[in-house]
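The values are calculated or read from the model by the stated rules, or taken from the named source; none is laboratory data. Bear in mind that the values here come from a model prediction, so they are computed numbers and not experimental data. All Cβ positions, even for glycine, are placed from backbone atoms using ideal geometry, and neighbour counts span all protein chains on display. SASA here: full protein model, heavy atoms, side chains in, ligands and nucleic acids out. Shrake-Rupley method; radii C 1.70, N 1.55, O 1.52, S 1.80 Å.
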Amino acid sequence: MTQSERIKRPEPERDEPIRNPWASDAAGPTDPPGSEAGVDEVIAHAVRLGYRVIGDNIEQGRAAAGRFSQGDYGVEDVPDDLGELAARLLHLGREMSVTAFDVMGAILRDPGLRTAFSRRSQARAGSGGSTGFDAHKPAAKPSRPGASSSDRAKRDLRLTYAFAGGGRADAEPAWLRQPDEMAMPVHAGLHSPAPDAPPLRGITFSAAPDGLGVVARIDIPDGQPPGVYSGAVCDSKSHHVLGVMTITVLR
Amino acid sequence: MVRPIKVAVIGGGCGALTAAYELSRPEHDGRFAITVYQEGWRLGGKGASGRGSSGRIEEHGLHIWLGYYDNAFRMMRECYADLAGAAGGRSPYGHWREAFTPEADIGLFGLGERGVWQRWAARFPPAPGLPGDPRRPGELLSLVGYTARTIGLLRTLLLDCVVESKETPAGPEPDFADLSTIDRILSACRILLDRGAFAGAAVLVEALGVLGAALAATPEAFDSAVVRLMERSVKGLRDWLEANTLLGDRHQYVWEIVDLVVAYLAGVVRFGLLTDPRGLDAIEDYDCREWLRTNGASERALQSPFVCGLYDLVLAFEGGDPERPSLSAGQGVRAGLRMFFTYRGAIFWRMRAGMGDVVFAPLYDVLRRRGVRFAFFHRLTNVGLAEGGEIAPGMRSHVESLTFDVQAETVDGMDYQPLLEVSGRPCWPSRPRYDLLRDGERYQREDWSFESHWDRRRAGEKTLKVTEDFDFVVLGVSIGAVPHVCREILERDERWRRMTREVQTVATQAFQIWLDEDVDQLGWRGPPYIVSAFVKPFDTWCDMAQVVPEEAWSRRPLTVVYFCGVLQDPPAPPADDDEDYPSRRTEEVRRSAADFLRGPVRHLWPQAYGPNGDFRWEILASDEATSGSARFSTQYWRANVNPSDRYVLQTPGSFRHRISPLDMTYDNLTIAGDWTKCGFNTGCVEAAVMSGLLAAHALSGAPPLDRIVGFDHP
């Protein structure tokens, strides 16, 4: 280093805190401060039970997301002759899930589906594929250029849109890459090239009603300037881009 | 030989000094050569204090540390240990446990129905551990964990209230063991709704968590139905409590808190906070009251001492106007959860003496021992950038120069020695040590105000150049001063313009009175509370008797009491050449304080008034011979109107305009202070320390981000 050389700061790994509500220990510290002493055990039990429902839901979703991202299976892998189980899956999805990952969690807990998947996995193993339903493989391979939509559907999540609010909008479905690690989709809003147009930030993700993808629910405020809005969808853990949402706000 | 990286740290508040502390760690092996540039004669920023006549402690306001200030306590504990080690165990600062003492009580005031001020008090039990103890990975709670703890608090509050129920418990116990369907969950809730005992109500509140599970697990088509049912459940609980617990004001307060807790729980599930990757930032666009109101809190609860105290304690009033309370919901909830559920040892910690003495003197001492240089009497006037035009988001630039007014020079160019000894401990004086300054006598005679934004007198000017004089900059001035010292950045960077516009600050006021009678003698009943939600403008006060032995009175008073609150801004901001502005506002504070003693203090200390109803001015302790109301002139008051003294607010939506110390727009600059996007966006010591840790990380990669407690937090 010479005397006149200007030094630059190192690039930070990130510049935002991780806000995931489940990021901390869901069970809490083993010696929680303060309020524990006066809590009636019966009520505490009920509370724990209630929150375990949420914790289970999240944990199952996370676990499913992790396995899903390993590329061992896709929803479309469910054999056609499992119609009844598929119907049960949809029912479970409606009752239990808010995300595609939760749907996968429900799949994993269904003994019938597990059996079906195991059979298919064994078949795969025989042809050099996966060694089993619960086996973990390295992360999914990146998309190949020119891959067919059928190939793509086996790896990626189909993203559709639902619009709410006073404004109108339109969009074509898109694809989201599977995250490298279990993670949730996050976004930084949809932005317009027009400098005066405020970004669209009221966006939530949920499972598609058919359990085969993700729906982005977007609030279009009344009076939102018309035009094209776009923005990246990232995974909450690595902040890698999973895909791009593009919509058109109509007059 | 590799030359050290020269770091210019601008400012001497908690954020700036934390960055200096981290960068000067022995582990860096001298990699950074650090100079702290500070206007005036003392460190501390908004936490600066000084010693006045009789060695008395004169503060900016009331500073209490909270038991969850893990990063701040960790630094101070290390600091005290370093000093003890260096002094062979005979450090004048002593052990950190002598410097900080636990406080379990808080008092709040509310105006009762008959126009009488009613007091509500809470004692928070000791919690395991001490603040700053290492935390296990993942020890901080998730939102689910916090929510369960919130219900625990609710239960504790309910148990704290003696209820004379007019109803008898009815209906079978709900079957919590089978919550496999929405119908069963709702059925259980309805059963709970019909029960008439407090315990049943508590179970109902907890069942709301189960309802939350149902809400989270239900597709959109069911959302509105579940929300409606939950709202009805909350209302049912509210109605029941209203009918059964309003037996007196004390119960009213309990009910108000129950109301707020239920609203919080409803909000958690209605807003999907348990699964939102934004965590509590998802509700940052709401005001706290507005968000609680949205979730069913009653108007009475929203105006309760608990909520008023929350706003008062963080001075959350735009422009200092009591009619414009403003506190973002996400950070308000986050701070509340941290405060109630993650404290260790005690919920509050008092300092033995002034914050300058307990925090900034030992920090200064340690930093000096590590080779950090201090340039006092250096007021930053401009941050010069590399040539170019508008700096759009994603573009980069760097700092080329730093320009300072040199306010004063020392005799013979020696380093300024800022500390004096009072009662055997190093302390900051309330005035410069004129004897160490060239022309010091003249400065004293002409009353140069080195800390006044409006006093621009100076001895000279100095410009530092990048690579020659510095490599990196830690900008640690407060955001109120940024428009005055970063004009070039603001001219070219819309993000900084927006930040200085949207991240608001508020002026504050404070006064201290030393008393020859203690508060018990004056009619106060109860422990020496930290008291808030009292009458404006001095809505928060604290009996600070513990600091008196540290002072140097010829005849020691029995106690000293600190009062503070916001100070309303004038309709138009003062001009930069309005030299008298600080003295006019200070005089205004003096009059307000004296009137406060004549009036509202009567509710606190009835025995402080004579038979004719006048305040007994003779109870004010003074080494001067004065009498009557003139005796108040011997006490201490101040108006914190300097831009850098203004308290930083967290108004709804403002979080997205804050800039992180990790932001790379300027590749040789980082920022520090409680105004930055530091993960805990509130005006407090802990936020400032977190920002300093982030600033150090930005320059050195250390400490790792996961070592900053509470940075990654919902």
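Does B:Val506 satisfy being touching a helix residue (DSSP H, G or I) at 6+ places or on another chain (Cβ under 7 Å), of a type in the set (A, V, I, L, M) and surrounded by 23 or more Cβ atoms within 10 Å (Cβ to Cβ)?
Details: touching a helix residue (DSSP H, G or I) at 6+ places or on another chain (Cβ under 7 Å): yes; of a type in the set (A, V, I, L, M): yes; surrounded by 23 or more Cβ atoms within 10 Å (Cβ to Cβ): yes.
Spelling it out, B:Val506 is indeed touching a helix residue (DSSP H, G or I) at 6+ places or on another chain (Cβ under 7 Å), of a type in the set (A, V, I, L, M) and surrounded by 23 or more Cβ atoms within 10 Å (Cβ to Cβ).
May I ask you to say which residue of B:Ser654, B:Ser629, B:Ser633 is surrounded by 19 or more Cβ atoms within 10 Å (Cβ to Cβ) and not β-branched (Val, Ile, Thr)?
Details: B:Ser629 fails: surrounded by 19 or more Cβ atoms within 10 Å (Cβ to Cβ); B:Ser633 fails: surrounded by 19 or more Cβ atoms within 10 Å (Cβ to Cβ).
It is B:Ser654.
Out of curiosity, is B:Leu143 closer than 30 Å to B:Met544 by Cβ and either modelled with pLDDT under 70 or at the interface with chain A (Cβ under 8 Å from one of its Cβ atoms) (or both)?
On the way: closer than 30 Å to B:Met544 by Cβ: no; either modelled with pLDDT under 70 or at the interface with chain A (Cβ under 8 Å from one of its Cβ atoms) (or both): yes.
No: the conditions fail for B:Leu143.
So B:Tyr529 passes all but one of these: (1) within 29 Å of B:Tyr311 (Cβ to Cβ); (2) modelled with pLDDT of 95 or more; (3) of a type outside the set (Lys, Arg). Which condition number does it fail?
Going through the list (1) within 29 Å of B:Tyr311 (Cβ to Cβ); (2) modelled with pLDDT of 95 or more; (3) of a type outside the set (Lys, Arg), B:Tyr529 breaks only (2).
Determine whether region B:581-588 contains at least one residue that is touching a residue at least 40 places away in the same chain (Cβ under 8 Å), hydroxyl-bearing (Ser, Thr, Tyr) and buried (at least 23 other Cβ atoms within 10 Å of the Cβ). Steps first, please.
Taking region B:581-588 first, the residues touching a residue at least 40 places away in the same chain (Cβ under 8 Å) are B:581-582, B:585-586, B:588.
Filter again for hydroxyl-bearing (Ser, Thr, Tyr), leaving B:581, B:586.
Next cut, buried (at least 23 other Cβ atoms within 10 Å of the Cβ) only: none.
So far as region B:581-588 goes, no, none of its residues is touching a residue at least 40 places away in the same chain (Cβ under 8 Å), hydroxyl-bearing (Ser, Thr, Tyr) and buried (at least 23 other Cβ atoms within 10 Å of the Cβ).
Would you check which residues across region B:662-677 are within 8 Å of chain A (Cβ to nearest Cβ), part of a loop (DSSP other than H, G, I, E, B) and touching a helix residue (DSSP H, G or I) at 6+ places or on another chain (Cβ under 6 Å) and list them?
B:Leu662
Yes or no: region B:317-338 includes at least one residue that is touching a strand residue (DSSP E or B) at 6+ places or on another chain (Cβ under 7 Å), at pLDDT below 95, closer than 20 Å to B:Trp65 by Cβ and open to solvent by 10 Å² or more (accessible area, probe 1.4 Å).
No: region B:317-338 contains no residue that is touching a strand residue (DSSP E or B) at 6+ places or on another chain (Cβ under 7 Å), at pLDDT below 95, closer than 20 Å to B:Trp65 by Cβ and open to solvent by 10 Å² or more (accessible area, probe 1.4 Å).
Within region B:266-300, take every residue that is modelled with pLDDT of 95 or more and not in a helix (DSSP H, G or I) and give me the one that is surrounded by the fewest Cβ atoms within 10 Å (Cβ to Cβ).
This residue is B:Asp285.
Only one of (1) of a type outside the set (Lys, Arg); (2) open to solvent by 10 Å² or more (accessible area, probe 1.4 Å); (3) part of a helix (DSSP H, G or I) is not met by B:Trp41, so which one is it?
For B:Trp41, the exception is condition (3).
Have a look at B:Ala625, B:Ala672 and point out the one that is of a type in the set (A, V, I, L, M) and either touching a residue at least 60 places away in the same chain (Cβ under 8 Å) or within 27 Å of B:Val535 (Cα to Cα) (or both).
Working: B:Ala625 fails: either touching a residue at least 60 places away in the same chain (Cβ under 8 Å) or within 27 Å of B:Val535 (Cα to Cα) (or both).
Just a single option satisfies the conditions, and that option is B:Ala672.
Mind checking which pairs have a first residue in region A:5-21 that is at the interface with chain B (Cβ under 7 Å from one of its Cβ atoms) and in contact (Cβ under 8 Å) with a residue 24 or more places away in the chain and a second that is open to solvent by less than 20 Å² (accessible area, probe 1.4 Å) and polar (S, T, N, Q), Cβ under 9 Å, 6 or more apart or different chains?
So the pair list comes out as A:Ile18/A:Ser236; A:Asn20/A:Ser236; A:Asn20/B:Ser142.
If B:Asp70 passes every condition in (1) open to solvent by 10 Å² or more (accessible area, probe 1.4 Å); (2) over 28 Å from B:Arg433 (Cβ atoms) but one, which one does it miss?
Only one criterion in (1) open to solvent by 10 Å² or more (accessible area, probe 1.4 Å); (2) over 28 Å from B:Arg433 (Cβ atoms) is unmet by B:Asp70, namely (1).
Just one of (1) farther than 16 Å from B:His60 by Cα; (2) open to solvent by less than 40 Å² (accessible area, probe 1.4 Å) trips up B:Tyr562, so point out which.
In the conditions (1) farther than 16 Å from B:His60 by Cα; (2) open to solvent by less than 40 Å² (accessible area, probe 1.4 Å), B:Tyr562 misses (1) alone.
Inside region B:58-71, can you point out the residues that are part of a strand (DSSP E or B) and either out of contact with any Phe, Trp or Tyr (no Cβ under 9 Å at 6 or more places or on another chain) or more than 23 Å from B:Arg42 (Cα to Cα) (or both)? Even if it seems obvious, please write down each step before you answer.
Initial filter on region B:58-71 (part of a strand (DSSP E or B)): B:58-59, B:65-66.
Passing the criteria: only B:Leu66.
Which of the residues spanning region B:72-94 are within 23 Å of B:Val709 (Cα to Cα) and part of a loop (DSSP other than H, G, I, E, B)? It would help to see each step written out before you state the result.
Step one: list which residues in region B:72-94 are within 23 Å of B:Val709 (Cα to Cα), which gives B:72-82.
Matches in region B:72-94: none.
Which one of B:Ala639, B:Ala687, B:Ala625, B:Ala695 is over 30 Å from B:Arg525 (Cβ atoms), away from chain A (no Cβ under 14 Å) and not in a loop (DSSP other than H, G, I, E, B)? Outline the logic, then answer.
Values: B:Ala687 fails: away from chain A (no Cβ under 14 Å); B:Ala625 fails: not in a loop (DSSP other than H, G, I, E, B); B:Ala695 fails: away from chain A (no Cβ under 14 Å).
Going through B:Ala639, B:Ala687, B:Ala625, B:Ala695 in turn, just one is over 30 Å from B:Arg525 (Cβ atoms), away from chain A (no Cβ under 14 Å) and not in a loop (DSSP other than H, G, I, E, B): B:Ala639.
Can you say whether B:Asp312 is open to solvent by less than 30 Å² (accessible area, probe 1.4 Å), more than 14 Å from chain A (Cβ to nearest Cβ) and charged (D, E, K, R), as far as the supplied structure shows? Walk me through it before giving the result.
Details: open to solvent by less than 30 Å² (accessible area, probe 1.4 Å): yes; more than 14 Å from chain A (Cβ to nearest Cβ): yes; charged (D, E, K, R): yes.
Yes.
Given the conditions (1) modelled with pLDDT under 95; (2) in the same structural domain as B:Gly673 (by TED's automatic domain parsing), and given that B:Ala625 satisfies all but one, which numbered condition is not satisfied?
(2)
Which condition number in (1) open to solvent by less than 10 Å² (accessible area, probe 1.4 Å); (2) assigned to a helix (DSSP H, G or I) is the one that B:Phe680 fails?
(2)
Quickly run through region B:339-374 and pick out the residues that are open to solvent by less than 20 Å² (accessible area, probe 1.4 Å), within 30 Å of B:Arg42 (Cα to Cα) and in a helix (DSSP H, G or I).
Within region B:339-374, B:Met355, B:Gly356, B:Asp357, B:Val358, B:Val359, B:Phe360, B:Ala361, B:Pro362, B:Leu363, B:Tyr364, B:Val366, B:Leu367 meet the criteria.
So how many residues does region B:509-519 have that are crowded, with 22+ Cβ neighbours inside 10 Å and either free of Cβ contacts under 8 Å to residues at least 12 places away in the same chain or not aliphatic (A, V, I, L, M) (or both)?
Total satisfying the criteria: 4.
Okay, residues lined up against (1) part of a strand (DSSP E or B); (2) modelled with pLDDT of 85 or more; (3) on the phi < 0 side of the Ramachandran plot:
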position: A:Pro142; (1), (2), (3): no, no, yes
position: A:Leu159; (1), (2), (3): yes, yes, yes
position: A:Pro179; (1), (2), (3): no, no, yes
position: A:Ala183; (1), (2), (3): no, no, yes
position: A:Pro193; (1), (2), (3): no, no, yes
position: A:Ser206; (1), (2), (3): yes, no, yes
position: A:Val215; (1), (2), (3): yes, no, yes
position: A:Pro225; (1), (2), (3): no, yes, yes
position: A:Thr246; (1), (2), (3): yes, yes, yes
